[in-house]
Number of protein chains: 2
Amino acid sequence: MSPRDARTDVRRLPEKQVRDLATLHAILDEAMHAAVGFEVDRQPFVLPMACARDGDHLLLHGSTGSRLMRALAAGAPVCVSVTHLDGLVYARSAFESSMRYRSATVLGTATEVAADEKLHALEVLTEHLLPGRWAELRAPRAKELAATSVLRVPLDEWSVKVGDGFPDDPDEDLDEPVWAGVVPMRVAYDDPVDAPDLRPGRPVPPHVSSRRPTAASGPHLPGSR
Amino acid sequence: MSPRDARTDVRRLPEKQVRDLATLHAILDEAMHAAVGFEVDRQPFVLPMACARDGDHLLLHGSTGSRLMRALAAGAPVCVSVTHLDGLVYARSAFESSMRYRSATVLGTATEVAADEKLHALEVLTEHLLPGRWAELRAPRAKELAATSVLRVPLDEWSVKVGDGFPDDPDEDLDEPVWAGVVPMRVAYDDPVDAPDLRPGRPVPPHVSSRRPTAASGPHLPGSR
């Protein structure tokens, strides 16, 4: 459970705050990218980065070639934000209209994964983003490892907000002559597309052809993908 | 076209930078939320906020009740980041594996929309997120407008990155005994769900039942939603 302090307490709609570690993990484990915020010369920057949870840390993947990545890896305070949109909430007024979402915010300091832990970190990232892929790929080359930077942020100070309900209209609006409800949203995968330079005899592996979202954002209806 | 300066020039994979204003607009117009980065007492924060483009500005929606929103509305330098994930790129190595994405970054200063422009801003936000809804809803009440804060950020300093290709493996990897290609991803909508307290005689309107993603993130296959 995250410490209850001024920085991570949710003040707006506090009833939507969730303090359960399993919920934090589930939100992070469904994310493929995170918005990583940090500051350089008083200017805030937000970079989208590939992410994967490794136990009680979040791994973030970028390139050593990036000026912003270097600023990050130097031990900058960061805020990592992950948001899943799960639906559109049609209330009886614009004011009450909203979205279903699950969002996680992690505050901390990013540090670079050490050279001797980089291979493990890349395996965790690859298996998170492309489950089943690591075992069939050749081992990374030394120059590839050298050109890759992985950051880690401990999951110590965090907050989670979840909006998963229906419209919460006041009684005086319930007779408004409009429909009210929710349109669920989710991530869908379409059929795999071969690379144009794919060599013959290399079929789509089952871990790709059976690919589905890592978790349901909405109901998975029969016949939907 | 964004000015070419040190803050918004893409240094990592510069060939992926796009300087076309129409592409910026398309990325923002497909986004329902943005990650808004700013700083309070040297700590970076990133808030997910509902967003909508209004001409050459981006509107961001929050609540006057939020301490962070107040810091933002006070004229803080911000970085607004929007990212769409369009697919998973299975290369022949972990190093070349990547994602298809479109991301936009806007640097600037957030200012609060003035009281006499708030109604317009709410219409733009509502119609962006729930197209067709504004005309059928009652007018916002004065107390609702007072409790709503909308920020705007000019689209002056920005950068766009697009990764839309196939694996870019070096020649020496093309004979690796693995499949290579792309798994397209997109946002899908499921069937609308009535609010539990929905009054009779209020059917799902066509603008809801026909709801589809605002733009295709991947191919829309026959029979898929």
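Show the residues, 5+ positions off or on another chain, whose built amide H is closer than 5 Å to the amide H of A:Ser97. Result for A:Ser97 returns A:Ala91. Under 8 Å for C-alpha pairs, at least 6 residues apart: give me the relative contact order for segment A:86-225, rounded to a whole percent. About 37 percent, as a whole number.
With its label point defined 7 Å out from Cα along the Cα-to-Cβ axis, A:Ala71 lies at 1.7 nm from the matching points of the other copies, in increasing order.
In terms of the Cα gyration tensor, with a ≥ b ≥ c the square roots of its eigenvalues, is segment A:157-199 rounded because a/c is under 1.5, prolate because a/b exceeds b/c, or oblate? Spell out each step's value before the answer.
Numbers: a/c = 8.17, a/b = 2.14, b/c = 3.82.
Judged from the Cα gyration tensor, segment A:157-199 comes out oblate (a/c at least 1.5, b/c at or above a/b).
Label-to-label distance for A:Lys16 and B:Arg141 is 2.1 nm, based on points extended 7 Å past Cα in the beta-carbon direction. Around the amide H of A:Val40, modelled in the peptide plane, lie the amide H atoms of A:Phe45, all under 5 Å away and 5 or more residues distant in sequence or on another chain.
For A:Glu176, no residue whose modelled amide H falls within less than 5 Å of its own remains once neighbours fewer than 5 places apart on the same chain are excluded.
Averaged over peptide B:139-146, the number of partner chain Cβ atoms lying within 10 Å of each residue's Cβ comes to 2.
Restricting things to alpha carbons, find the Rg to Rh ratio for segment B:14-166 using the Kirkwood radius for Rh. Before the final figure, lay out each step's value.
Working: Rg = 17.2 Å, Rh = 16.7 Å.
With Rg and the Kirkwood Rh in hand, the quotient comes to 1.03.
Using a 1.4 Å probe and counting only protein heavy atoms, how much accessible surface gets buried when A and B come together, both sides summed, in Å² to the nearest 100? Buried surface at the A/B interface: approximately 8500 Å². Converting phi to 3J(HN,Hα) with the Karplus coefficients 6.51, -1.76 and 1.60 and the offset θ = phi - 60°, segment A:95-112 yields 4, 8, 5, 7, 10, 7, 7, 10, 10, 10, 10, 10, 9, x, 10, 7, 10, 7 Hz in sequence order, with x at every glycine or proline. Counting only Cβ charges, +1 for Lys and Arg and -1 for Asp and Glu, the dipole size of segment B:142-211 around its Cα centre is about 1180 debye.
3J(HN,Hα) along segment B:119-125, derived from phi through the Karplus expression 6.51 cos²θ - 1.76 cosθ + 1.60 where θ = phi - 60°, amounts to 4, 4, 4, 5, 5, 4, 5 Hz, with x in place of Gly and Pro. In a simple Cβ point-charge model (Lys, Arg +1; Asp, Glu -1; nothing else charged), segment B:14-166 has a dipole of about 440 debye relative to its Cα centre. Comparing A:Gln43, A:Leu125, A:Leu59 along the charge dipole axis of segment A:14-166, the residue lying farthest to the positive side is A:Gln43, per the Cβ-charge model. In order along segment B:146-157, the Karplus-derived 3J(HN,Hα) couplings, from 6.51 cos²θ - 1.76 cosθ + 1.60 at θ = phi - 60°, round to 5, 8, 10, 10, 10, 9, 9, 10, x, 8, 9, 10 Hz, and Gly and Pro are given as x.
Rounded to the nearest 0.05, what FRET efficiency do B:Glu117 and A:Asp194 give with R0 = 56 Å and r taken as the Cβ-Cβ distance? Could you check?
Numbers: r = 51 Å, r/R0 = 0.91.
Efficiency, from the Cβ-Cβ distance: 0.65.
For segment A:180-201, which residues drop by 50 square angstrom or more in accessible area between the chain on its own and all protein chains together (1.4 Å probe)? For segment A:180-201, once contacts with the other chains are taken into account, A:Val183, A:Pro184, A:Met185, A:Arg186, A:Ala188, A:Asp190, A:Val193, A:Asp197, A:Arg199 lose 50 Å² or more.
The values are calculated or read from the model by the stated rules, or taken from the named source; none is laboratory data. Please read all numbers here as calculations on a predicted model, not as lab measurements. We place every Cβ from the backbone using ideal geometry, glycine too, and count neighbours over all the protein chains shown. Quick note on the areas: whole protein, heavy atoms, side chains included, nothing else; ligands and nucleic acids left out. Shrake-Rupley method; radii C 1.70, N 1.55, O 1.52, S 1.80 Å.
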